Every structure is written in C-alpha cells, then in structure tokens.
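Q: The structure that follows is given in the form of structure tokens.
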There are 2 protein chains.
Amino acid sequence: MAAEQDPEGRAAARPLLTDLYQATMALGYWRAGRAQEVAEFELFFRRCPFGGAFALAAGLRDCVRFVRAFRLRDADVQFLASVLPPDTDPAFFQHLRALDCSGVTVRALPEGSLAFPGVPLLQVSGPLLVVQLLETPLLCLVSYASLIATNAARLRLIAGPEKRLLELGLRRAQGPDGGLTASTYSYLGGFDGSSNMLAGQLRGVPVAGTLAHSFITSFSGTEVPPDPMLAPAAGQGPRVDLAARVETWLERVCGHLGLGVQEPHRGERAAFVAYALAFPRDFQGLLDTYSVQRSGLPNFLAVALALEELGYQAVGVRLDSGDLLQQAQETRGVFRTVAAQFRVPWLESIPIAVSNNIDEEELARLAQKLVSVGGQPRMKLTEDPEKQTLPGSKAAFRLLGSDGALLLDVLQLAEEPPPQAGQELRVWPRGTQESCTVRPAHVEPLLRLWVQQGQPLPPSSPQLCEPLPSLAESRAFAQQSLSRLSPAHRRLEQPALYQVALSEKLRALVDRLSARGAL
Amino acid sequence: MAAEQDPEGRAAARPLLTDLYQATMALGYWRAGRAQEVAEFELFFRRCPFGGAFALAAGLRDCVRFVRAFRLRDADVQFLASVLPPDTDPAFFQHLRALDCSGVTVRALPEGSLAFPGVPLLQVSGPLLVVQLLETPLLCLVSYASLIATNAARLRLIAGPEKRLLELGLRRAQGPDGGLTASTYSYLGGFDGSSNMLAGQLRGVPVAGTLAHSFITSFSGTEVPPDPMLAPAAGQGPRVDLAARVETWLERVCGHLGLGVQEPHRGERAAFVAYALAFPRDFQGLLDTYSVQRSGLPNFLAVALALEELGYQAVGVRLDSGDLLQQAQETRGVFRTVAAQFRVPWLESIPIAVSNNIDEEELARLAQKLVSVGGQPRMKLTEDPEKQTLPGSKAAFRLLGSDGALLLDVLQLAEEPPPQAGQELRVWPRGTQESCTVRPAHVEPLLRLWVQQGQPLPPSSPQLCEPLPSLAESRAFAQQSLSRLSPAHRRLEQPALYQVALSEKLRALVDRLSARGAL
C-alpha cells in the first residue's frame, strides 16, 4: 500500500458508519449461536450506469483501510448498548468489544478494473456477525467510488487521450468527504486532476486551478498595486512596470480588433495584471466575467503580450458560461489573427479551457477542448449474501483472445479448476438459454486476494496477487483495461453488451436452487 | 452550541478542503496588497430545488465549526508551497501561517429557516484573503445540507405530521461523510430518524432499524437455536419454547388463511424466530423475501401470535419490493381478519412500513403509510462576491401579516433602517417592473449574527441573536417555519412563487450598477 497520507481520513469511515439493522441482525445471529459461522457476501451491480456496457471497479483501497482499522471502541459499544434493548445480554457487548477483522478475507477486482454486471466487485468472507457489520460501509465505499470512476472513464473516452480533464465539483459536492471521494475517483477514472487541494494533499491527486470570477469582480480598476514592476523571465535586464506596458498593448490590441480602448473593463484588466504579477509564468485569463469579445479577450491579449515582451508565455484562457463551443471557436480565430499581426506564433495555439456543467453530450460537442465536469451520476450496487447452503463461493475469470481483446467473463464455483488458455470451454451466457463454446488465448483471474484473515498482503507476499497499487498506478491500469475493450462494448450509447457467462456447474446449481424457490 | 460530540467530524472539513484557484487568487490578492481589505461574500440560490417555492437553510452549524477551527497547519502551508510557483515570495507563506478567522464575521439565516431565491443564506465578511479561502468549503457545507433538508421537508409535507419517516440511504450515499450529512439533514428537514448509527452517535439523530433480507436468507430452517426458550414479558411464569409455539400457531394461521402448512418458507420462519428471541419486545417482520402472502405474512403472524401468548406485542411489518401500496392494503386486510379470528385487537392496526426507492410521487400514493426515502436531489448555490464599490452589505427582513403568515422577504442596504411593524413600505418585487406597498404586522430580521470576528457568540451574549440551537431544536424550528407558509407557497408542484422584494434604495443601486455594466 502506498504511504498512508491520510491518518484522519478514516474518521468518517468508522465502525458505526453502518445501519442499525446490521447491529440488530448481529444480535440476532449472536442469540441464535451463529456469530462465528463462516459467511460471505458479494457486491455486484445488475446494470451498468449511464447506459453503457462497462463500469470501473474502485474503492478497494478505502475498503482495505476500513477492514484493517475495524475495531469497536468503548464509546461505540456504549452507543450500541444505548440503542439496543436494555435487557440485551451483556455477553453480546463483550463479544463486540473483542471484535476485529482478523478472520475476514477480502477478494476483489483490482482497483481500476473493468467490471461487468453480475461479476462481483468484492467478495468478503469471515464470521457471520462481523461480515454483516461490514456490509453497509463497504457498499458505501465501493458504490460511489465506482460510479465516479466510471463517469470519468466515459468522459475520458469522449475527450480522447490527449485532452486535459479537470474535476472542479467541490462546491457542489455532497459534503466535504463526498467532494474528496469525487476528486479522487475522477482522477482514477481518467481525469488529469482536480481543483480540490485536500485530494492533492491526502491522496496525491494532481491539483490545478487559476482564478474565478470573484477575483475579477473584486477589482474596480482604481486599485494601485503596491509594486507593478516585473523582472524579465530570464532574470536579466531591468524590471518593467507591467501595468503601464499593458495599457500600451491594450491600445494596439483594440486598434487591431476595431474596439474602443474604453470598452474593455478596467477592473477586469486590473485583476489580470494583479494575477500576472503573482503568476507571470502561469497567467491564465478567465474571459467571460463581462464580455468575452469586447472585454475579456482584449484585456487578456494586452496582458499576455506585455508578459511576452518580458519573455513570459501565458498558459491559456478559460470560458465558463454561454455557448462554449462557439465562443471557443471565435476566440481561437482572434488568437490566430493577433498571433500573425504581432508575430507571436505560440499565441495561435494557446489552450482554450472550458467549464460550467459539462455533461457527456456537451463534451462530445466540444470534443477537442479542455474541460471540467460536474455531475451526480447513479449506480445501484447489490449485496448478495451467499447462503450457507451454497457449496462455497464463486470465482470469476476474464477470457481474452490472442490479440489481448476481451472475449467474455466467466463465473464458476470456487472449487472448479480455472479455465485454461487454449482449451475449449462450454459456458452459458447470462440472459440466454443456450450455451456456447469459447477457446481463450489468455485467462485472467478476476478476484484477487487483498486481505487474508484481516491482514493486507505485504508487498513481498508470495501469494499470486499484487500489493495495493498507488492511485496513479490504478489510474494507468484503468486506461489500459479500457483500451482492451472492443469499440462495440466501449461505445457510450447503445453499446453491445459484454457477455458474462456461467460455467456449466454453476448454471446447474443456480437452476437447482431456483427450482427449490431458494433464489 | 450543543455539546461537541464530533471531535473528528472536522477531519474532512479541513482548511485545504478548498479549490486551488482560491489559493492562487489569495496569492494574487496578497501580491496586489489587498489581503487585509475588508470583503464580503454571500451564498444564495436563484431557483428553489424540486420545482418548489421554498428551501430550508441548513449547514450553519458545520460552517460555524469550520470557521472556528480554521487554521493552516505547517503541513498545509507546505502543501500549498508545493503547488504554487517555486519563486513565490516566502512572506506569503508566513502570512498564511498566521492566518485565522479572528477577523471573520458570519451572518446567516437560522438553521432550519425558510429560504427563498436571492435572499442570502450566509453572509461572510472579513479580510479578503481569508474570506476567499472560506468560500469553497462554506458553499460545500451549506449547499448539500440545505438540499437534503429541503427534500426531507417536502416529503414530510406529503406524509403529514404523524407518519414516521426514516432515512435509510447510507448504502447508496456519496461516500461516508455524504451519508452522515444526508442522515443529519434529513432529520433536520423533518424525518424522524435514520438507520445510520454514526449519525446517531455523532449528531444525536434518532436511529431505527430491524432486519434486512440477508438475515432471512441466511437461515435455511435446519439451524438449531442454542436456546429457543423465552420468558414471559411480565417476567413471571415458566419459560416457553418459542420455536415450538410458532409451529403450533403456523398451523392455525395457515388453516385460517387457506394455505398449506408447508408453503411458508422454513428458513424465513427460523430467521423470524431467531430475531424474536433476540428482540421479543421489538419484533418486526420483513415480509417480502420470498412471497408476502404465502410465506412472509403467515410466518410473521405465527411468530407474532406466539409472542402474544407470552405478553409481547410485535411492532409491525415492513415491505421492501413490488407494489407497496397494493401489498400494504392486502396485508392490512389479512391483519384485520386474523385479529378478529384470534381475538388480538392490536394486530388490526399494527404499523406497516414500506421502503425501496420511494420518491415524492410514490410517497403521495402511499400517503398514509410509514416510509423510508432515498434520493439524490440537486440545488445550485451561487456565490456572489460583493464588490468593494458596493456601499456596504445587504440586510434581509421577513414581513408577516397579523395572523403570522409570511407576506414577503425584503432585501435592502445594511445602512437603511429596518422596516417597521405597522408602517407602510414601498418595495420592488424581483422579476417585476413595478413596486408595491406592504404594511407588515410583524418584521423579522433574517440574517442573524453567528460568528463575530471569529468568535461564535456565547449563549450569554448580550447581542440580539440566539446561541446555536441543537439539531433537534432546529428541526422543530423548520417545521414551525413551514407551518407559517401559505398553502399556495407550500404546494410542491407549480406553487405560487413567494415574493422577494428590494427596497427602493437597493433597487436604485442595482439599476445604477447595471447601467454601468458592473452587474
């Protein structure tokens, strides 16, 4: 596991972050003498979110951390005692005090894996009582993380691999930790970073951001900067009064654009100058506070060209309202003519960033622009407690063709031998009544072992599984996984459904149980 | 402020829970010599969520806590230094190290107040630099809390004051803290409680819950309870084998209902017995794991009647799938005939709880049943940084008729004298071109002072404002506020819009600034 940067992060994910009915059921199991019985539950989903054919599995790191830290403190047990019947056997609370996850094993898809309906994201086994208490928090940790990661992956597919995607949703997030989770898993799913500094500090998410409208509107233009002087980028030569140079450039720019020199807003220009003085190497203009064409753009150009004289190159502009595509195109046109007019070639291709409630449709329209995204997607995870009558737990494998492309996923009984590369296999695709045969060139086991009897595996573990990767590693894994999915399955609307199939034995078992009314 | 039960609750709401652009802007202000300039921002919304005409203000407690604890630690400043330009003046970081909210003042609508478009929920004033850093976290804390509280208030209006409403959404919540926030503010908005134990432990939200399907499916019916004996409720008399009594009652119930005694699922019955042994005084049956009519209901009745012999009264049943209304009606019908047949009158009116994705429409259909609710509503809050050129900040008043009914809200300049009860006032309703006059019988100031120069007011403060109420007090205040809203404004669909008006002076100022292109 990567260095633990977030000692306080588990504060909200404490053992009592669970539903009361989990605790009442725990008492029920205990009273029935079943607390130590071995149980297992699986988390999976029935339908992919957003109408797609895939999801990304995420949240595993948080689950491992939660399981590792799980322990009821005295205050927790006292609270439980206060909400359970007063005549509850004190021995039950003794049992809770001694509870930990030393008997719990977690198998899961690696963070950032492609996940398909019916294939478990997470399998948790251990003593019935403790596994029951884990159900709600683990659902909560996996469900939202996977949803956000999937959303990000879809937007990344639309934008293509090169464009910069930033998550700026903290203000609208569902509480502080909702924001932290969204920033973290947007990055995992394929975004380049976030404006959320806490996600940077605690989770290592790259952070980005420049300025907002409030900065611009806070300047009236009458402010006198305490020090308007700026040294050249190379560090040599005299310092120059940037504010004065900007006024000179404004006249030239307005002349070229056919604007009156009084039209661009003074306060906006003062804000740009103040920002450029603080960030001469990272000057970005937010153009739409007043009028993009008549104010934001000429003010930006005046500052950018004044900086250019000193050897600094502005990093771009941002549009945050209105018809983003049209404005971006018009702005690009202006950059081209100004670049030619004043012989500043880099200005021609300076990045134009856009933001403001960009959804998939808008992003598709903008495709070649830099974007930020906010949204509240949904995916419903299902928990399926395996019954003790089921002969063990399920295993899942991904079958691949000789070119590395994904063929289908197979669910089978844990005790069955794994599918073998090069050998023909008969499987029963879900949702159909007929079997098919498949001869995979490669076979990947899907559910890896992450926590065995309460201990996360150390990096040096001899087991056939990896140590928990870093967030950035999981992000790269997610993109690599997506690249192996065929275009028909990767399509965001009306995709071909990716097949998940059952082994003959599992199918026969399911049939048997269904006939008995047990499923 | 109520006793601080949540010392760790601020973990996620740390100073760096803000957007990077707030920090870059802070550097910009500092470089421009404006860090200490007095500034103010307001949070308000432009449209009520869910198509209604009101919202509830919430999140103030969290904001006060955040402001009170705000302080950049060394690690925070170091992180900032790592993401700002390497040549940033070290004096800026010295400034950050010394930063706190001792100069910050917070005015806000009391927690649980009715809020209308354009009326600030929160006004924060203080040194420009620190106020800028507060903007994102306070938006984040107020926005989701108010949204959830409003959603809960609407559902409470549909259900009426008597029905029990429980929030059960933790599994689907947006991360752990998203769940904690939702549980807390659902309660504030009018719910009776939550299944989320952490909300109970940390925030004092009443918790409730019994059992889930997983408990029932974990029993096959072959389990042997270690101790099937139960003592009578009154504590006197011999202990009785509950499991055996349940089998006897099952025959009678099946005979009455015309069912074969083999039809009800054995495992379900074993689960009910196990639960009843643990919770004889709080036995609730979850009826829809197999078949409500052919299994869940007869099994429940057998256990409830066996308990009844021992003097225990079951607390009710729950339905969690299918057509909830139809099933509830059928179930009620069965309760009536069984109550008559076996002379157990209380059984006739035993509560029937329903759950499973209940939205406003479904709740309206169910109106007279007990429900739980989950959902992901939206409300967009706007931040509006007041410009220094504005002559001071705004004040807001609520005008009431002689019967206590709400007439309209008035926004005016802070320096204007407040409206006087009994005096005619000319105001300009927003969205119209004409003024109107109003003569309020009562006038309430809306924005109370909660934090003055960084210190929350002590309960004994001589100021004209209350100490922060407890969550339960705010909940009561919310219901009282809603009761004063006229039915036309309280209507959930196509309501009459509640008027928010400007004073003549504020309107004149807005006109002037608009004409100058400054708004």
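A short reminder: the numbers here are calculations on the coordinates, not readings from a lab. This is a predicted model, so every value here is computed, not measured. With ideal geometry, Cβ positions are generated from the backbone for all residues, glycine too; neighbour counts draw on all protein chains shown.
Q: Rounded to the nearest 0.05, what FRET efficiency do B:ARG294 and B:THR337 have when you use their Cβ-Cβ distance and R0 = 22 Å?
A: 0.85
Q: Under the convention of a label 7 Å out along Cα→Cβ, give the distances in nm from A:GLN326 to the same position in every other copy, shortest first.
A: Listed shortest first, these distances are 5.0 nm.
Q: What are the trypsin sites (Lys or Arg not before Pro) within the stretch B:207-314 that DSSP puts in a loop, where the Cβ has at most 13 other Cβ atoms within 10 Å?
A: Of the trypsin sites (Lys or Arg not before Pro), the ones in loops of the stretch B:207-314 whose Cβ has at most 13 other Cβ atoms within 10 Å are B:ARG239.
Q: OK, next. If you take the Cα Rg of chain A and divide it by 2.2 N^0.38 Å, with N the number of residues, what do you get?
A: 1.20
Q: As I understand it, the dipole of the protein assembly as shown uses +1 on the Cβ of Lys and Arg and -1 on the Cβ of Asp and Glu, about the Cα centre. Which of B:VAL334, A:VAL77, B:THR150 lies farthest toward its positive end?
A: The one lying farthest along the dipole's positive direction is B:VAL334.
Q: Given label points at 7 Å from Cα along Cα→Cβ, what nm distances, shortest first, separate B:ARG266 from the same residue in every other copy?
A: Reported distances to equivalent positions: 9.0 nm.
Q: Rounded, prolate or oblate: pick one for the protein assembly as shown, where a ≥ b ≥ c are the square roots of the eigenvalues of its C-alpha gyration tensor, a/c under 1.5 means rounded, and failing that, prolate if a/b is larger than b/c, else oblate.
A: Oblate is the answer for the protein assembly as shown, as a/c is 1.5 or above yet b/c matches or exceeds a/b.
Q: Another question, if that's okay. Given H placed on each backbone N at 1.01 Å, which residues far from A:SER393 in sequence or on other chains put an amide H within less than 5 Å of it?
A: A:ALA414
Q: What are the membrane-span-like helices in chain A by this rule: whole DSSP H runs, Cα extent along the axis at least 27 Å, mean Kyte-Doolittle hydropathy at least 0.5?
A: Span-like helices in chain A: A:128-159.
Q: For the stretch B:232-287 and the stretch A:128-190, what is the separation of their C-alpha centers, rounded to whole Å?
A: Each part's Cα centre sits 44 Å from the other's.
Q: Ignore the peptide's own chain and count Cβ atoms of other chains within 10 Å of each Cβ in B:71-77; give me the average, rounded.
A: Going residue by residue through B:71-77 and averaging, the value is 1.
Q: Please list, in chain and number order, the residues 5+ apart from A:VAL119 or on another chain whose amide H is under 5 Å from its amide H, with Hs placed from the backbone.
A: Those qualifying (amide H under 5 Å, at least 5 residues apart or on another chain) are A:PHE45.
Q: When the helix-only estimate is applied to chain B (DSSP H runs of n ≥ 4, each -39,500 (n - 2.57), divided by the residue count), what is the mean residue ellipticity at 222 nm, nearest 500 deg cm²/dmol?
A: -11500 deg cm²/dmol
Q: Also, quick follow-up: Under 5 Å between amide H atoms, partner at least 5 residues away or on a different chain: which partners does A:ALA501 have, H built in plane at 1.01 Å?
A: Under 5 Å from the amide H of A:ALA501 lie the amide H atoms of A:ASP409, A:VAL410, A:LEU411, A:ARG430, each far enough along the sequence or on another chain.
Q: With a point put 7 Å past each Cα toward its Cβ, work out how far B:ALA91 is from B:GLU362 in nm, to one decimal.
A: That separation, rounded to one decimal, is 6.2 nm.
Q: Give me the distance in nm between label points sitting 7 Å out from Cα along the Cα-to-Cβ direction at B:GLN326 and A:SER220, one decimal.
A: Result: 6.9 nm between the two label points.
Q: So, R0 is 22 Å and r is the distance between the beta-carbons of B:ARG46 and B:GLN433; what FRET efficiency does that work out to, to 0.05?
A: It comes out at approximately 0.70.
Q: How far is A:ARG164 from the same spot in each other copy, in nm, shortest first, if each label point sits 7 Å from Cα toward Cβ?
A: When each copy's label point is compared with this one, the spacings are 5.5 nm.
Q: Hey, what do the phi angles of the stretch B:36-53 turn into as Karplus ³J(HN,Hα) couplings, whole Hz, using 6.51/-1.76/1.60 and θ = phi - 60°, x for Gly and Pro?
A: 9, 4, 6, 9, 8, 10, 10, 10, 8, 10, 8, 9, 6, x, 6, x, x, 10
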